[in-house]
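The structure appears right after this line, and notes come after that.
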């Protein structure tokens, strides 16, 4: 029988509850510990989530437990780096929520710690594991739209007082930027689809005049133009101050056809009406609720990779590092009012 990986969760909020359920639903992992800055009752945790879970208030003590194989970091973004580095030094494998951190220097330090320890890492850019982007990538990989030369993936989700994250998301040290706080999902999905390294970005930022967004300490709307090394171009909008239903927009244009959200057209399929879209049967990304996110599929892939001694597919630290480097360049471009080459963002 395969080993069951014992997992400790760092942070006990909204995302943690979704993660715990998803980890326990995998075939080869179980949550055995939870750390929080608030006191936790072990019996209450065990009853709520099933199994035997120990609550900790001392992070070093939990990381020193030799029975813990991996940690899952779901704390505030500005705490990620220190907790990640401590977990790597303790010899644990790591799941970490996005963003990796708010400051680029912290992300570089996290990379150095992961490289030094040999820790396997899963970063929660879980949209790559969604039905929408699994199906989208299948269409691309089968050549039905040919070679992509243009793509846009955009994130529209108004994060106001009606949304739980708002109470801390307004702070620069916790939210970071429109891209870091949430729009990173769309930018990451665009990079996945385009399949080429980014060479240069130009980004512009603005903010809604609606009073509910006034408390934000950073611009809540950004649009980023990307030039890829293979000559393709793309655009990604990060809009967390819109007043509309959640929308994860995707439009990809290739030499043999296009994909628009859950629709496509392809010259590779004989008989299709070129004046009408054909539909793809997929579950759309249509909510910011963590209970709707495909964590279980992602975490199952992570623990399967651990068993095989392999890196996490699709959402490894290297994948996330490339996305965050692009975000760092975009935020630098918006701040300085100029195009920024990816090479300007140091990796060490």
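The values are calculated or read from the model by the stated rules, or taken from the named source; none is laboratory data. These figures come from a predicted structure and were not determined experimentally. Glycine also receives a Cβ, built like all others from the backbone with ideal geometry; neighbour counts cover every protein chain displayed.
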Exclusive hit being surrounded by 16 or more Cβ atoms within 10 Å (Cβ to Cβ), farther than 30 Å from residue 216 by Cβ and in contact with a strand residue (DSSP E or B) (Cβ under 7 Å, 6 or more places away or on another chain), set 90, 86, 119
119
May I ask you to list the residues in region 189-219 that are at negative phi, surrounded by fewer than 17 Cβ atoms within 10 Å (Cβ to Cβ), without any contact (Cβ under 8 Å) to a residue 60 or more places away in the chain and assigned to a loop (DSSP other than H, G, I, E, B)?
196, 207, 209, 210, 214, 215, 217
Which condition number does residue 131 fail, the rest of (1) touching a residue at least 40 places away in the same chain (Cβ under 8 Å); (2) surrounded by fewer than 16 Cβ atoms within 10 Å (Cβ to Cβ) being met?
(2)
Please determine, by comparing only the residues of region 152-169 that are more than 19 Å from the chain's Cα centre (by Cα) and touching a residue at least 24 places away in the same chain (Cβ under 8 Å), which one is surrounded by the most Cβ atoms within 10 Å (Cβ to Cβ).
160
Any residue that is surrounded by fewer than 21 Cβ atoms within 10 Å (Cβ to Cβ) and over 23 Å from the mean Cα position of the chain (by Cα) - is there at least one of those in region 280-297?
yes
Taking the condition of being crowded, with 23+ Cβ neighbours inside 10 Å and under 13 Å from the mean Cα position of the chain (by Cα), how many residues in region 319-348 meet it?
4
Where residue 67 falls short, out of the listed (1) touching a strand residue (DSSP E or B) at 6+ places or on another chain (Cβ under 8 Å); (2) closer than 19 Å to residue 295 by Cα; (3) touching a residue at least 60 places away in the same chain (Cβ under 8 Å)
(2)
Being within 14 Å of residue 119 (Cα to Cα) and buried (at least 24 other Cβ atoms within 10 Å of the Cβ) is the filter here; which residues of region 298-311 pass it?
302, 303
Residue 72 versus (1) surrounded by fewer than 23 Cβ atoms within 10 Å (Cβ to Cβ); (2) within 29 Å of residue 108 (Cα to Cα): which is the lone unmet condition?
(1)
Yes or no: region 156-168 includes at least one residue that is farther than 16 Å from residue 288 by Cβ and either not assigned by TED's automatic domain parsing to the domain that holds residue 100 or not in a strand (DSSP E or B) (or both).
no
Could you check region 220-231 and list, in sequence order, the residues that are crowded, with 21+ Cβ neighbours inside 10 Å and in a loop (DSSP other than H, G, I, E, B)?
220
